[in-house]
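Have a look at the structure below before the remarks.
Since every read-out is calculated from the coordinates, none of them should be taken as a lab result. Since we're looking at a predicted model, the values are computed, not measured. Here the Cβ positions follow ideal geometry from the backbone for every residue, glycine too, while neighbour counts run over all protein chains shown.
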Amino acid sequence: MITESIKHLNNNYDVVVVGGGPAGMAAALGAKESGAERVLIVDREKEAGGILLQCIHPGFGLQHFKEELTGPEYAQRFLEQAIAKDIDIIADAYVLDIDGDRRVKLMSGSQGVQVISAKATVLAMGARERTRGAIRTPGTRCSGVLTAGLAQRFVNLLGFLPGNKAVILGSGDIGLIMARRLTLEGVEVAGVFEIMPHANGLNRNIVQCLQDFNIPLYLSTTVVEIHGRDRIEGVTVAPVNEHLQPLADQSWYVPCDTLLLSIGLIPENELSRQLQLRIDPVTSGPVVSSTMETSINGVFACGNVVHIHDLVDFVSQEAILAGRNAGFYVTGNRPPTDNIRLIPGENVAYCVPQTISSDREHTVYMRVRRPLKESILKLGDIYEKKLRYVFPAEMVNLKVKPRFLQNFHGEALTIDILPLE
Amino acid sequence: MNQTTETTTETTISHYLCIGCPLGCRLEVEADNGHIVEVRGFTCKRGEEYAKQEHTEPRRMVTTTVRVNNGIWAKLPVKTTAAIPKEKVIELCQQLRQVNVTAPIHIGDTILSNVFDLGVDVVASRDMPTDQN
């Protein structure tokens, strides 16, 4: 049932979507919905689906489909809709560049290098993982050190195990999920190490990925050295103080033949930087308006390429909006320009979109810097809302309604999330 | 926080981390000779129910992959149609590691039926087309 990649590309499209993961597929559907006729998805993998293809565990779709699905099931639902709506998909193809006239240069195994023109484009390239270089772990540069997501690809798609005895650095969900995944495939997981004093992933994963299998979780502990000549043989781990500095005299050695790094995701922003889009220094993704349009007219962006999400359901929501607006751009039905800048204030790391307009409702996504049990979100002086249990690992979303802005005539609104006294 | 059980005479106190919402309440189940006497630590009904279920009959959904021949990928993701007893999870995965299927496969195809006589099947989580190359 999975469609074959189209054999003959058209020379021009209304909307070209870069990336065919959950964001790209939803954006393409949104574009069709708002009147774009010729829509193309370009994906570099052998089939569309993005990261969902390797996320074989459940937890997807509770909001969007009101059902709990695995990653591949969620992807297949969107792919079926895309095919039903006559969206073209070219797989095994890579977008090299988009020029000022929105000509998209792409390279594919089947068609070589081609230039097609697009009236609007949507960037949906997703994220990449931070690697050892980002944290500069000392030691030898042996094999067997890889990111958790890459290990997930090896195990779930390519069919081989990364090793026999693994240490995992980072207690975010990817690390926890891989602790379980490896265990179910017969790999020994020596432990999960987390530099912060609290685990980063969902409680459900702490229980079902670690406790279920008696895999120890060492908080406030990190890997301080990697050992091994050709292949990793072990790591030195050490507890850290309140400034996250390792206490070398309390270190100990853990033998292993594999080290998985689950130390964070960043937007895949090569193309974004190449296009010289305005980039938000906190998210590392392009600055976007409330229509998910970037600083270049007609170039929209959505999903992990804008800011790292936790729930794929919110990715889909955001992407449908981006696609819909790309479609409006093509058909000439653009909504009013944004007139209010949103400024991340106290305890708010960033917010997306970075601007809004006063004529319609918007969903604003943000993350806190510090966890708070009971807190109050303030949108300037015009609106406030009580929140329960906010923490950096879970995105907060706020519906901003036009009536909040009725009497507001300023240019900017600061969003603060403060402890409730 | 680990699941632990303290014992004094025939009374046991077991600890569970609730997974219902981000609060992550620390639940306690006190039992006498295996019968639940009291559940403590929850702040909502779901938490109370979860503690009882986890104590008496913890169950888990299982998702894993099986080897597929001739498919566009080397592995096919599969899932159980319902949650199975937690203590059977590793054994099921060991069984599934011996299973080989051949493409094309359709989403929902049964890979193993009625595992451990529980009325639960293991099914394909996606279509797996044949590799054209």
**Prompt:** Out of the range A:327-380, which GluC sites (Glu not before Pro) are coil in DSSP terms and have no more than 14 other C-beta atoms within 10 Å?
**Reply:** A:E346, A:E361
**Complete:** Rounded to the nearest 500, the 222 nm mean residue ellipticity computed for chain A from DSSP H runs (n ≥ 4, each -39500 (n - 2.57)) alone is -5000 deg cm²/dmol
**Asked** So which lysines can A:K32 reach, going by Cα to Cα under 29 Å and dropping same-chain residues fewer than 8 places off?
**Response** A:K7, A:K46, A:K66, A:K85, A:K105, A:K119, A:K399, A:K401
**Request:** Would you work out the relative contact order for the range B:5-56, in percent, from Cα pairs under 8 angstrom that are 6 or more residues apart?
**Result:** 29
**Complete:** Within 10 Å of the Cβ of an average residue in B:75-81, the count of other chain Cβ atoms is 5
**Cα lying deepest toward the dipole's positive end in the protein assembly as shown, options A:A118, A:G19, A:S34, charges on Cβ** = A:A118
**Item:** the range A:204-248: GluC sites (Glu not before Pro) in DSSP loop, at most 12 other beta carbons within 10 Å
**Value:** A:E242
**Fill in**
If one compares the long axis through the Cα atoms of helix B:45-56 with the longest principal axis of the Cα atoms of chain B, the angle in degrees, nearest 10, works out at 80
**Cβ crowding within 10 Å averaged over residues, with A:324-331, B:99-106 ranked highest first** = A:324-331, B:99-106
**Value of relative contact order over chain A, rounded to a whole percent, pairs C-alpha under 8 Å and six or more apart** = 16
**Request:** Quantify how strongly other chains surround peptide A:211-217 by giving the mean number of their Cβ atoms within 10 Å of each of its Cβ atoms.
**Result:** 3
**Message:** Can you compute the charge dipole magnitude of the protein assembly as shown about its Cα centre, using +1 on each Lys and Arg Cβ and -1 on each Asp and Glu Cβ, nothing else charged? Give it in debye, rounded to the nearest 20.
**Reply:** 940
**Message:** Show me, bin by bin at 20 Å from 0, the whole-percent P(r) of the protein assembly as shown based on Cα pairs.
**Reply:** 20, 52, 27, 2
**Request:** Just tell me how shielded B:61-67 is by partners: mean number of partner chain Cβ atoms within 10 Å of each residue's Cβ, no decimals.
**Result:** 6
**Prompt:** What is the range A:131-195's relative contact order, in percent, from Cα pairs under 8 angstrom and six or more apart in sequence?
**Reply:** 30
**Prompt:** Taking the range A:125-200, which trypsin sites (Lys or Arg not before Pro) meet the DSSP loop condition and have no more than 14 other C-beta atoms within 10 Å?
**Reply:** A:R136, A:R141
